Amino acid sequence: MNNSTALFIDNVSLAYGEKLALDQVSFSVFPGECAILLGPNGAGKTSLFSLITRLYDTREGTIEIAGFNLKRQSSQALGKLGVVFQQSTLDPDLSVESNLLYHADLHGLPRKLARARIQEELERQDMFERRREKVRQLNGGHRRRVEIARALLPSPRLLLLDEPTVGLDMPSRRTIVDYVHSLSAEQNIAVLWATHLVDEIFDTDRLIILHKGSIRLQGSARQAQERTGTPNISAAFQHLTRDAK
């Protein structure tokens with residue numbers, strides 16, 4: 001068990017019948033690091049997230065979260081994990097605060113602590129004054145902010161974001177991208193952000209480029225460009241996944 005690693009993935013494979021979705025995937029994410037899982041549609045990003053969140057069980061390979069083995073120590077491992085799925089899972093007919101209190105109850109947070117954590121996380125995103133509004137009254141960007149706040153309530157060591165900006169306008173996307181990067185650096189939270197949008201990548205991020213279930217590159221944007229001999233990360237990404245269609 002390695003407590004210094006927020007996420008440890010070693011030789012993980014997954015197949016749906018005869019179709020291999022993940023092929024011996026290995027990487028780690030460390031506290032304070034923002035790792036971008038970059039891949040085209042069908043690359044295996046969602047399959048990998050399904051394993052990390054234990055929607056699917058790992059048959060081949062090892063996954064550890066904050067040093068806890070996901071298969072043998074599921075409760076401890078998942079207790080260190082915060083997740084924002086691509087599809088919204090908020091109850092639109094409940095208020096922002098009620099959605100967050102319900103989630104806090106699921107994690108066993110005492111009500112007094114839960115209210116303090118809700119205020120803290122909503123204030124960070126300028127959403128506290130809207131805590132009594134129903135979720136259906138919020139636009140897509142504000143709903144995403146609430147979902148990020150919800151994921152952070154139990155103070156996770158690892159935050160998973162599954163294409164959280166899909167469908168949002170550019171200002172909303174930029175707000176969320178900037179916030180998550182600052183959060184990772186300031187709160188020492190490890191972030192694994194799945195996306196196919198290269199404009200969400202910072203120069204300081206570590207890229208994990210996934211294509212057809214296998215990792216094609218791990219490193220910085222500059223390293224990706226140097227390896228492929230391309231002028232920018234967009235061109236590097238296209239080069240590494242050019243047989244995607």
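Hey, any hits in segment 79-99 for a residue that's out of contact with any Gly (no Cβ under 8 Å at 6 or more places or on another chain), among the small types (Gly, Ala, Ser), surrounded by fewer than 18 Cβ atoms within 10 Å (Cβ to Cβ) and assigned to a helix (DSSP H, G or I)? Checked segment 79-99: at least one residue is out of contact with any Gly (no Cβ under 8 Å at 6 or more places or on another chain), among the small types (Gly, Ala, Ser), surrounded by fewer than 18 Cβ atoms within 10 Å (Cβ to Cβ) and assigned to a helix (DSSP H, G or I). Every condition in (1) among the charged types (D, E, K, R); (2) at pLDDT below 95; (3) touching a helix residue (DSSP H, G or I) at 6+ places or on another chain (Cβ under 8 Å); (4) closer than 27 Å to ASN139 by Cα holds for LYS45 except the one numbered (3). Within segment 165-196, the set of residues being among the small types (Gly, Ala, Ser) and without any contact (Cβ under 8 Å) to a residue 12 or more places away in the chain comprises SER182 only.
Does SER26 satisfy the criteria of being in contact with an Asp or Glu (Cβ under 9 Å, 6 or more places away or on another chain), surrounded by fewer than 16 Cβ atoms within 10 Å (Cβ to Cβ) and outside any loop (DSSP other than H, G, I, E, B)? Yes: the conditions hold for SER26.
For segment 1-20, which residues satisfy the criterion of being in a loop (DSSP other than H, G, I, E, B), of a type in the set (A, V, I, L, M) and at pLDDT below 95?
Of the residues in segment 1-20, the ones in a loop (DSSP other than H, G, I, E, B) are 1-6, 17-18.
Within this subset, residues satisfying the condition of being of a type in the set (A, V, I, L, M) are 1, 6.
The one that is in a loop (DSSP other than H, G, I, E, B), of a type in the set (A, V, I, L, M) and at pLDDT below 95: MET1.
One residue stands out among those in segment 203-229 that are of a type in the set (Ser, Thr, Tyr) and touching a Leu at 6+ places or on another chain (Cβ under 9 Å): the one that is surrounded by the fewest Cβ atoms within 10 Å (Cβ to Cβ), which is SER214.
In the set (1) under 15 Å from the mean Cα position of the chain (by Cα); (2) closer than 16 Å to GLU121 by Cα, the condition left unmet by ARG206 is number (2). Here segment 20-77 is the region considered, the condition is being farther than 24 Å from LEU207 by Cβ and among the acidic types (Asp, Glu), and the residue that is farthest from the chain's Cα centre (by Cα) is GLU60.
The values are calculated or read from the model by the stated rules, or taken from the named source; none is laboratory data. Since the model is a prediction, treat every value here as computed from it, not as a measurement. Virtual Cβ from ideal backbone geometry, glycine too; neighbours counted across all protein chains shown.
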